[in-house]
Amino acid sequence: MTTNRPDLVLYGSPLSPFLRKAAGVCIAKGVEFEIEGVNVFAPPPWFLEISPMKRIPVLRDRSVAEEGVAGTIPDSSAICAYIEKKHPAPALYPEDPMAYAEALFIEELADTSLAMAGGLGIFRPIFFAITKGEEPGLDKARDAWANQLPPILDILEKRLAGRAFFAGDALSIADITVTCVLMQISLVAETPLARWPGLAAHFAAMKALPLIANPYAGAEKIVRKALPTPFDLT
Ligand SMILES: N[C@@H](CCC(=O)N[C@@H](CS)C(=O)NCC(=O)O)C(=O)O
């Protein structure tokens, strides 16, 4: 029996910036994929088997295996690197060794420090509280916006140095990751970046790309049902 199902499945939710990052890589490369919803806070047993850290996203490549651990990859960075190897064009990792390393550093910075400040510091205290019928954690979010985020945005502003892209003079995994993680803030709060003009220009340009905008629209649709207007944290 033949099916039209794509080989690649991303398990998780578009609410995850890491899932949107992996989706963006697929879109950039014109690789078909589908998203299969998994609630990471109440995961089914089969998901725990393929997600040792109990995190989303996890990728399955059905052309490798349709079930079990074989053919699955946890962690967005490993997923994106796999997709790059399998579908090299257009390249999303610079060829030049130093630019390649810079792209990986920026990806890591966005996945860790930026995600802590924007995701754990702003998105979760607001959105998770609202979905539980509680008051949004605006004090925590305002503290993250005022104190946790600026040092990270300073680093990004400096490394970007007014250029259109973070590494290798072309769109790379660095640009995609920074934008997906920063947009996690935009889901729940205004994201004024006037203090970081280079980053603001980069953010505006990246947000308009379908590879960023389309997965984000899926997340926004979910969030806007509970939170029609983002908060002002300034
Ligand atoms: N380094 C991982 C991070 C994944 C991650 O933290 N995902 C969040 C959702 S955005 C998650 O699964 N959280 C579950 C939890 O906090 O229990 C990646 O890049 O995939």
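Please report the net charge: other residues with Cβ closer than 13 Å to the Cβ of Leu211, K and R +1, D and E -1.
Working: positive: Arg20, Lys21, Lys29, Lys207; negative: Asp175.
Once all neighbours under 13 Å are counted, the net charge is +3.
Does segment 97-226 classify as rounded, prolate or oblate by the C-alpha gyration tensor (a ≥ b ≥ c root eigenvalues; a/c under 1.5 gives rounded; else a/b over b/c gives prolate, otherwise oblate)? Display every interim value, and only then the final one.
Values: a/c = 2.13, a/b = 1.61, b/c = 1.32.
Taking the square roots of the gyration eigenvalues as a ≥ b ≥ c, segment 97-226 is prolate.
Just to be sure I understand: with springs between alpha-carbon atoms less than 10 Å apart, which residue in Ala89, Ala103, Ala42 has the highest mean-square fluctuation in the Gaussian network model of the chain?
So, out of Ala89, Ala103, Ala42, the one fluctuating most is Ala42.
List the GluC sites (Glu not before Pro) in segment 64-168 that DSSP assigns to loop (not H, G, I, E or B) and whose Cβ has at most 10 other Cβ atoms within 10 Å. Which are they?
Loop-located and lightly packed - Glu95, Glu134.
At a Förster distance of 35 Å, what's the computed FRET efficiency of Ala213 paired with Asp139, Cβ-Cβ distance as r, to 0.05?
Working: r = 31 Å, r/R0 = 0.89.
Here the calculated transfer efficiency is 0.65.
Which lysines have a Cα lying under 28 Å from the Cα of Lys221, excluding residues fewer than 8 positions away in the same chain?
Partners found: Lys21, Lys29, Lys54, Lys132, Lys140, Lys207.
If I build a Gaussian network model for the chain, linking alpha-carbon pairs within less than 10 angstrom, which residue out of Val64, Val31, Val188 has the largest mean-square fluctuation?
Val64
Using alpha carbon centroids, what distance separates segment 33-89 and segment 201-234, in Å?
Here the answer is 24 Å between Cα centres.
Have a look at the DSSP beta bridges in the chain and tell me what percent are antiparallel, nearest 5. Present the calculation step by step, with values, prior to reporting the outcome.
Details: 7 of 13 bridges.
The antiparallel fraction comes to roughly 55 percent.
What ³J(HN,Hα) values, in whole Hz, does the Karplus curve 6.51 cos²θ - 1.76 cosθ + 1.60 give for segment 78-91 when θ = phi - 60°, with x put for Gly and Pro?
In residue order, the calculated couplings are 5, 4, 5, 5, 5, 5, 4, 5, 6, 10, x, 10, x, 5 Hz.
Remind me, relative contact order of segment 51-185 in percent, using alpha carbon pairs under 8 angstrom and six or more residues apart? Mind dumping the intermediate values first?
Numbers: 141 pairs, mean separation 35.8, N = 135.
Averaging sequence separation for qualifying contacts and normalising by length gives 27 percent for segment 51-185.
Give me log10 I(q)/I(0) at q = 0.16, 0.19 Å⁻¹ for segment 8-86, Debye formula, one equal scatterer per alpha-carbon, no solvent.
Scattering profile of segment 8-86, log10 relative to I(0): -0.50, -0.71.
Under 5 Å between amide hydrogens, which residues at least 5 positions from Ser13 or on another chain qualify, with H placed 1.01 Å from N in the peptide plane?
The answer is Val38.
Return P(r) of the chain (all Cα-Cα pairs; 5 Å bins starting at 0; whole %; ordered from short to long distances).
Binned Cα distances yield the sequence 1, 7, 14, 18, 19, 17, 12, 7, 3, 1, 0, 0.
Can you give the accessible area of Thr229 in Å² (nearest 10), computed on protein heavy atoms with a 1.4 Å probe?
90 Å²
The values are calculated or read from the model by the stated rules, or taken from the named source; none is laboratory data. Since we're looking at a predicted model, the values are computed, not measured. Neighbour counts are summed over all protein chains in view; Cβ atoms, including those assigned to glycine, are modelled from backbone coordinates with ideal geometry. Keep in mind that these areas ignore ligands, DNA and RNA; they rest on the heavy atoms of the full protein, side chains included. Shrake-Rupley method; radii C 1.70, N 1.55, O 1.52, S 1.80 Å.
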